[in-house]
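Enquirer: One structure follows; several queries about it will come next.
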Amino acid sequence: MRTALLTQWYQSKEYLAKNQARADIWNKCGTDPYFITKMALEVWSKDPIAFIETFGWVIIPEFNNAIKPFFLFPYQRKIIEKIHAAEMSGEDHEILVDKPRGMGLTWTLVWYQIWRWLFQPNWGGFNLSRSESEVDDGTMDAGSSIFGKYRWSIAHLPSWLIPEGFVPKGKKGTNTDMMLRISNPQLGSSLIGSSTNQSAGRSRRYSFTLDRKSTRLNSSH
């Protein structure tokens, strides 16, 4: 995305209003546990867009890797809505998505999967790419792999949103965060990765499969 357009967006009244509304929610969460419970049950667990726009963050390379709140553009909203509708239909769907550079598609899919991982019991997100290191290089570097983005994003969530019993990977790995697998110990949901090979994904059926090599999504309820 062109820097001039991004600059215009971050200086717009719409962005500033969204940012203030988000800050107000974060502030209220810090003082009102009942508000957290109510919003989690009635809004954040049901609406991926509301969740992402309240808790999502992205890194903007065009602004020297500045960290910004993730407010979805129409293109990104449509992708979220299409994937969510496919999952909720109760049928298998295969979705092909255009991936123009600089449009934040990977961040969009990362935050959608984190939303599912946080709120949907026994949900499985399966991520494929050409090489294992593209999926997970073992770090929380958001610029190096998709699992790096997962770890970075989870680390930027409020502490009260982190599942009880979840321990970040660190250098050696843990039962809940290891190479190619991040687990929610409370709900049994998981984010799993693999390189594209003949046996990839054959061990189980997944709720959501992302093949980044071809930008292909498979969703099932």
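The values are calculated or read from the model by the stated rules, or taken from the named source; none is laboratory data. Because the structure is a prediction, the values reported are computed rather than measured. Using ideal geometry, Cβ is built from the backbone for each residue, glycine included, and neighbour counts are taken over all protein chains shown. Ligands, DNA and RNA are stripped out before the accessible areas are found, and what is left, the full protein with its side chains, is counted by its heavy atoms. Shrake-Rupley method; radii C 1.70, N 1.55, O 1.52, S 1.80 Å.
Enquirer: Which order do you get for K18, K171, K82 if you rank them by accessible area with a 1.4 Å probe, largest at the top? Walk me through the numbers before you get to the answer.
Expert: Working: K18 55, K171 200, K82 115 Å².
Largest accessible area first, the list is K171, K82, K18.
Enquirer: Now, a different point. F63 accessible area, nearest 10 Å², 1.4 Å probe?
Expert: 50
Enquirer: Which entry in (i) 50, 41, 40; (ii) 140, 46, 23; (iii) 60, 42, 30 is this structure's computed Cα extents along the principal axes in Å?
Expert: (i)
Enquirer: Taking amide H positions as placed 1.01 Å from N in the peptide plane, with prolines and chain starts having none, which residues 5 or more places from G124, or on another chain, fall under 5 Å of its amide H?
Expert: Distant-sequence amide H within range of G124: S190, S207, F208.
Enquirer: Would you give the gap between the C-alpha center of segment 13-36 and the C-alpha center of segment 121-177, rounded to a whole Å?
Expert: If you average the Cα positions of each part, the centres end up 26 Å apart.
Enquirer: Taking the dipole about the Cα centre of the chain, with the C-beta of Lys and Arg at +1 and of Asp and Glu at -1, give me whichever of P185, F208, I146 is farthest to the positive side.
Expert: With unit charges placed on the Cβ atoms, the residue in question is I146.
Enquirer: When the helices in the chain are scored as -39500 (n - 2.57) per DSSP H run of 4 or longer and the sum is shared across all residues, what 222 nm value do you end up with, to the nearest 500 deg cm²/dmol?
Expert: -11500 deg cm²/dmol
Enquirer: Here is a follow-up. Check the straight Cα-Cα distances from K78 and name the aspartates and glutamates below 16 Å, setting aside those fewer than 8 residues away within the same chain.
Expert: Candidates past the 8-residue exclusion: D47, E53, E87, E94, D98.
Enquirer: Let me ask something else. What accessible surface, in Å², does a 1.4 Å probe find on I36, ignoring ligands, DNA and RNA and rounding to the nearest 10?
Expert: Accessible area, nearest 10 Å²: 30 Å².
Enquirer: Accessible area, 1.4 Å probe, largest first: how do W107, W123, W57 sort?
Expert: Numbers: W107 30, W123 5, W57 55 Å².
Ranked list, largest accessible area first: W57, W107, W123.
Enquirer: Can you work out the accessible area per residue across segment 42-81, with the rest of the protein chains kept in place, probe 1.4 Å, in square angstrom?
Expert: Accessible area per residue: 45 Å².
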